[in-house]
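Visitor: Following this message is one structure expressed as structure tokens.
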Amino acid sequence: MKIVVIGGFGLIGALMVERLRKAGHDAVPASPRVGVNTVTGEGLAQALKGARVVVDVTNPPSFEEKLLMDLFDTGTRNLLAAAITAGVKHYVVLSVVGTDRMQDSPYFRAKLVQERHTAGAKVPYTIVRATQFFEFLGGIADFSTKENKACLTPIHMQPMAAADVATEMCDIALESPANGIIEIGGPERISLSEIVGKYLKATHDKREVVTDENASYFGMRLDDQSLVPAADARLSKTTFDQWMSQAAVSK
């Protein structure tokens, strides 16, 4: 079965292509690197020709607001139109748990536009909202650091490994369209300040973590439900400690 992965050279996309090919599918990575551009429409018709499933895991190279809207608004509309023309039977898009609860952020405003375009199009679809990835904990620490102290909110989150995100995305892509939202998350609920502290300790980073209930998350003030999945979410099995052990072995 031909499955086109838009953003197929990125973190999740590359893992998906590898897994799908091992399972015997014709997994095709698509991005501007190979002449497929969702914003301009370049290469879309040819890339999607004969595809039964399209998976969109694109992410912007920067978080400038116009670029975000170009990608998630214009790009999504172009991709959906091409998918309909190609007769795609399942359109899957990766989004983020809490997207509708974090509308103070230009990124999440653009992601919600992407979700709404997907839900309103005439193609069977599934929107997959994932929690934060373990791989991005270092970036959270960097954004929150001043004078060698990472000031972090204690709100809860339920992060997961990128490999588990890719596995869930592959499984969902091969299922019947949900025509709705599926949430996925990690197996452990933990405060943001605690998990980042564990990450810094495990990576021998000497920065001090300061827990502050008034601290923001990428400039947003969130509550304890903002970053956690719904009760019916699909939960992965890889814990933070297991992920760190695997990361150490792979080095």
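The values are calculated or read from the model by the stated rules, or taken from the named source; none is laboratory data. Source: prediction; values computed, not measured. Cβ coordinates were reconstructed from backbone atoms using ideal geometry, including for glycine residues, and neighbour counts include every protein chain displayed.
Visitor: Being at pLDDT 95 or above and hydrophobic (A, V, I, L, M, F, W, C) narrows it down to one of V249, V228, so name that one.
Guide: Step by step, each of V249, V228 is checked, and only V228 is at pLDDT 95 or above and hydrophobic (A, V, I, L, M, F, W, C).
Visitor: If I filter the stretch 104-137 down to residues being among the small types (G, A, S) and closer than 21 Å to T85 by Cα, which single residue comes out as surrounded by the fewest Cβ atoms within 10 Å (Cβ to Cβ)?
Guide: Among those that are among the small types (G, A, S) and closer than 21 Å to T85 by Cα, it is G120.
Visitor: Taking the stretch 132-148 as the search range and keeping residues that are among the polar types (S, T, N, Q) and over 19 Å from the mean Cα position of the chain (by Cα), which one is farthest from A161 (Cα to Cα)? Spell out the reasoning first.
Guide: Taking the stretch 132-148 and keeping what is among the polar types (S, T, N, Q), we get 132, 144-145, 148.
Those left that are additionally over 19 Å from the mean Cα position of the chain (by Cα): 144-145, 148.
Details: S144: 21, T145: 23, N148: 26 Å.
Only one residue tops the list, namely N148.
Visitor: Now, a different point. Is it true that T153 is buried (at least 22 other Cβ atoms within 10 Å of the Cβ) and within 21 Å of Y217 (Cβ to Cβ)?
Guide: Answer is yes for this residue.
Visitor: Quick one: in the stretch 144-197, of everything that is of a type in the set (S, T, N, Q) and in a strand (DSSP E or B), which residue is nearest to L15 (Cα to Cα)? Give the derivation first.
Guide: The first filter runs over the stretch 144-197 and keeps only residues of a type in the set (S, T, N, Q), leaving 144-145, 148, 153, 158, 167, 176, 179, 191, 193.
From what is left, the residues that are in a strand (DSSP E or B) are 145, 191.
Numbers: T145: 30, S191: 28 Å.
By that ranking, first place goes to S191.
Visitor: Which residue, of L112, L79, L94, L68, is touching a residue at least 60 places away in the same chain (Cβ under 8 Å), assigned to a helix (DSSP H, G or I) and in contact with a Ser or Thr (Cβ under 9 Å, 6 or more places away or on another chain)?
Guide: Every option except L79 fails the conditions.
Visitor: What residue, among those in the stretch 45-73 that are over 19 Å from the mean Cα position of the chain (by Cα) and not small (G, A, S), is modelled with the lowest pLDDT?
Guide: My answer is K66.
Visitor: Starting from residues that are among the aromatic types (F, W, Y) and surrounded by 16 or more Cβ atoms within 10 Å (Cβ to Cβ), keep the ones in the stretch 192-220 and report whichever is nearest to M102 (Cα to Cα).
Guide: Looking at the filtered set, the residue picked out is Y217.
Visitor: Which one of these does L15 not meet: (1) more than 20 Å from K89 (Cβ to Cβ); (2) surrounded by fewer than 18 Cβ atoms within 10 Å (Cβ to Cβ); (3) of a type outside the set (S, T, Y)?
Guide: The number of the failed condition is (2).
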